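Data first, discussion second: the structure below is written as structure tokens.
Just so you know, all these numbers are worked out from the coordinates, no wet-lab data involved. Predicted model only: the values in this text are computed from it and were never measured. Ideal geometry is used to build each Cβ from the backbone, glycine not excepted, and the neighbour counts take in all protein chains shown.
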Amino acid sequence: MVFTDPQVAGVGMDEKEAAAKGIPYQATTLSLSEVPRSIAALDTRGFIKLIRNTETDLLIGARIVAPEGSELTMEISLAIKYKIPVHELVNMFHPYLTLSEGIKLAALSFTMDVKKISCCAS
């Protein structure tokens, strides 16, 4: 983690590492302009990128650039460690108007257009 403004955080593998290990992966990047908390805070600088194994639906990594983005690394670390599938992350409680809701929206964006489901997405 780099405590700049916005913060830069990473957990697990990136796409290059997954490819080098022969892991079939998919990455999705959600702009903070799609996250209601970021919109309300008037600070949409950054993104949440999730990387999953397409065969297992397990998260293998994430990269985050966001104000207070390091706060999101704990949930992602636990999901990786305890092998929580992405579809389960989608079903977990992520309070409205928190930055952690961005994890849910990013997980949803693997299979859906977030602009069609988020109340505040543009």
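Quick notes
- Amide hydrogen neighbours beyond the local backbone of Leu30, cut-off 5 Å, H modeled: Ile48, Lys49, Leu50
- Here the extension length gained between Thr56 and Phe3 equals 15.8 nm, from 0.36 nm per residue of separation less the Cα-Cα distance.
- With the convex hull of the Cα atoms taken as the outline of the range 7-116, the averaged projected area works out to 6.2 nm².
- Per-residue [θ]222 nm for the chain (sum of -39500 (n - 2.57) over DSSP H runs n ≥ 4, rounded to 500): -7000 deg cm²/dmol
- Distance between modelled label sites at Ser77 and Leu42, nm, 7 Å Cα→Cβ extension: 3.3 nm
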